[in-house]
Amino acid sequence: MTNLVIGGSGLVGYEFYRQKKDNYKFTYKSQKINSFIELDATCFEETKKLINKLSPEIVIVTAAMPDVNKCEIEKELAFKTNVGIIENIIKCLSKKSKIVFFSSDYVFDGNSGPYSEKDKTNPINYYGELKVSCERKIINSGIKHLIIRTTGIFGWEMARKNFFYRVFDTLSSGKELFVPNDQFGNPTYVKDLVSTIEKMLNQDCEGIYNVVGEEWIARDNFARNIAKSFGLNDTLIIGKPTKYFKNIAPRPLKAGLRSDKIRKLGISIKSMDQAFEDMKNRKSIDDRYT
Ligand SMILES: NC(=O)c1ccc[n+]([C@@H]2O[C@H](COP(=O)([O-])OP(=O)(O)OC[C@H]3O[C@@H](n4cnc5c(N)ncnc54)[C@H](OP(=O)(O)O)[C@@H]3O)[C@@H](O)[C@H]2O)c1
């Protein structure tokens, strides 16, 4: 039986390709990658056709619109691309399949993080509301599921859009970087995230699990750690309170997640510094994406 990654061209999806290309088929929507299947998962007929053809046992859904401010502005598109995609996929899956969905610490209000899987959700922005809605739809569908809550994913990426690149590119060009000093979370290395999920799938885990890096730190200090590890000038990093940035979508401040539940499975995630060392060993950009 085939397994499928819907959203293979994104940060997390492509890491599945790097680690497990023989185990899955992969889709893309706009970033064409040879051998990947084109799919707009907001289209029910297209999604149904592909799922019927492959009859996948495991469907990993990384396809989403994860831009928090864009979700707040373009609510209709955000709903369609987050909740709509999940609705389409669960309608097409048989009860024998398992869906893996990526949720976020933004399901919480950020008053008392880091949060465990048992804490009550209370999103304060539209992206968080959509994640809660997706989680509920999946749980109520009766389909076997693994809901992974994670946060602050970093690593090498074709689109160069994760926070790591903002720090790396800005400081490399000698410019100042203004970063929130009151938003706390757990930076999570994409390679560790994916290898952890693979271990969890091998153990047939089901339900909601937090999968995050161990360190719970403020954004500006995360940026300083990147700078130190990659030999960049950390004095260019200027910490400012969240209100300084005038974000369209409110941000949970004391967010982040606790990883006690995955530790009970005997799974531990490497430290941030180990992750940076691993990134350095991933050589040239071409090696990273071939
Ligand atoms: N990044 C984080 O820090 C973070 C934190 C917590 C949770 N998450 C969640 O983790 C998941 C993966 O995030 P990511 O950072 O890997 O996202 P990403 O890099 O933005 O990738 C999104 C993927 O979705 C695909 N996609 C978008 N619209 C689609 C559509 N209509 N039909 C089919 N595919 C579509 C994109 O395809 P194309 O690029 O080809 O258009 C891309 O492959 C998301 O659910 C996100 O909310 C992320």
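Things to note:
- Sequence-distant aspartates and glutamates (8 or more away, or on other chains) whose Cα lies within less than 18 Å of Lys270: Glu15, Asp192, Glu198, Glu214, Glu215, Asp260, Asp278
- If you wrap the stretch 1-98 in the convex hull of its Cα atoms and look at it from every side, the mean projected area works out to 6.1 nm².
- Computed label-point distance, nm, for sites Lys246 and Lys49 using a 7 Å Cα→Cβ extension: 4.6 nm
- Theoretical FRET efficiency, 1/(1+(r/R0)^6), r = Cβ-Cβ of Glu38 and Arg18, R0 22 Å, to 0.05: 0.60
- Straight-line cross-link partners of Lys175 among the aspartates and glutamates, defined as a Cα under 16 Å from its Cα and at least 8 positions apart when in the same chain: Asp220, Asp234.
- Distance (nanometres) between label positions extended 7 Å along Cα→Cβ at Phe163 and Leu265: 2.3 nm
- If the segment from Lys95 to Gln274 were pulled out straight at 0.36 nm per residue, it would be longer than the present Cα-Cα gap by 60.5 nm.
- For the chain, relative contact order (Cα pairs under 8 Å, six or more residues apart, normalised by length) works out to 19 percent.
- On the beta carbon distance between Ile238 and Glu76, with R0 = 41 Å, the FRET formula returns roughly 0.70.
- Residues of the stretch 204-232 with amide N under 20 Å of the 7 Å Cα→Cβ point at Ser112: 210, 216-217
- Derived scalar couplings between HN and Hα for the stretch 101-115 equal 10, 9, 10, 8, 6, 6, 6, 10, 7, x, 8, 8, x, x, 9 Hz in order, rounded to whole Hz, by the Karplus curve 6.51 cos²θ - 1.76 cosθ + 1.60 (θ = phi - 60°), x for Gly and Pro.
- Amide proton proximity set for Phe178, modelled H, under 5 Å, gap of 5+: Ile238
Where a number appears in this text, it was derived from the coordinates with a stated rule and is not lab data. Everything numeric here is computed off the predicted structure, so don't read it as measured data. Every residue, glycine among them, receives a Cβ derived from its backbone with ideal geometry; neighbour counts consider all protein chains shown.
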